[in-house]
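Below is one structure, written out as structure tokens, with a few remarks after it.
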Amino acid sequence: MCKIGDIGCALDGSESMRKSLSRSSPLYTAAFLFICLSIAAAAGQNTAPGANPMPATNPAPARNPSQASEPPAAAAPVDSNSFKVGPADVLNVRVWHEQEFSGAVSVHPDGKITLPLVGDLAVGGMTPTQIEQVVAQALTKYVVKPLVTVTVQEVLSKKYYLDGEVAHSGEYPLVAPTTVLEAISKAGGLRDFANEKKIYILRGEKRILFNYKDVINGRRMDQNIALESGDHIIVP
């Protein structure tokens, strides 16, 4: 708001105006109004709606577009030199500088995979290292000295099952060599009322006994066999 005292100070500050103007003259009134309007306009600019009196903060850093994309799926923890690929397994094929030949492929029920231009390749029963050689050989028609990497992205061809008095029963992928005791540990161990002496493994038509109490006490360790794909561990 414009104050009389402020205007008076503005007028009294000039010796020439004090001599030429009197408070009752028209010129004094015009000068009074002009200064009042000037002060009001300046005040309005400083307090305009939406004005932020606080200093501007640094803007948030721009997000890297690569951060918005999904990370690549991690490979399953298999030994590329010993794990044998089977139907339904998902392989990650990477060809250096050749994106059209790179990507995830599933193994068909007949043990083959399909690559662009190349067509079907039989890989069932091979290790990832062996498959790299097969794919590289097939690509020589289209790529000069192809560099191929094959990893197992997901194991679906080999699995075992745990049923009965365990913490987490169900289906488990057989990614690496696994003993009966290791399988029980992965399932969270036995429940309170499990019969530790009457556990058995169903393998086809075979019924293999497993005495949990003996094994954890270091006796009859031959019972702690390595599981095979399709085994069912029954905990009564």
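Laboratory data are not the source of any read-out in this text; all were calculated from the coordinates shown. The structure presented is a predicted model; accordingly, all values stated were derived computationally and were not measured. Methodologically, a virtual Cβ is constructed for each residue, glycine included, from the backbone with ideal geometry; neighbour enumeration extends over all protein chains shown.
Taking a straight Cα-Cα cut-off under 23 Å and skipping sequence neighbours fewer than 8 places away in the same chain, the lysines within cross-link reach of LYS159 are LYS84, LYS112, LYS186, LYS198, LYS206. Here's the list of lysines a cross-link from LYS197 could span, going by alpha-carbon distance under 17 Å and ignoring same-chain residues fewer than 8 apart: LYS213.
Could you list the chymotrypsin sites (Phe, Trp or Tyr not before Pro) in region 144-236 that lie in coil according to DSSP, counting only those with at most 12 other Cβ atoms within 10 Å of their Cβ?
Taking region 144-236 and a limit of 12 other Cβ atoms within 10 Å, the loop chymotrypsin sites (Phe, Trp or Tyr not before Pro) found are PHE193.
Relative contact order, whole percent, for region 147-236 stands at 36, derived from Cα pairs under 8 Å and 6 or more residues apart.
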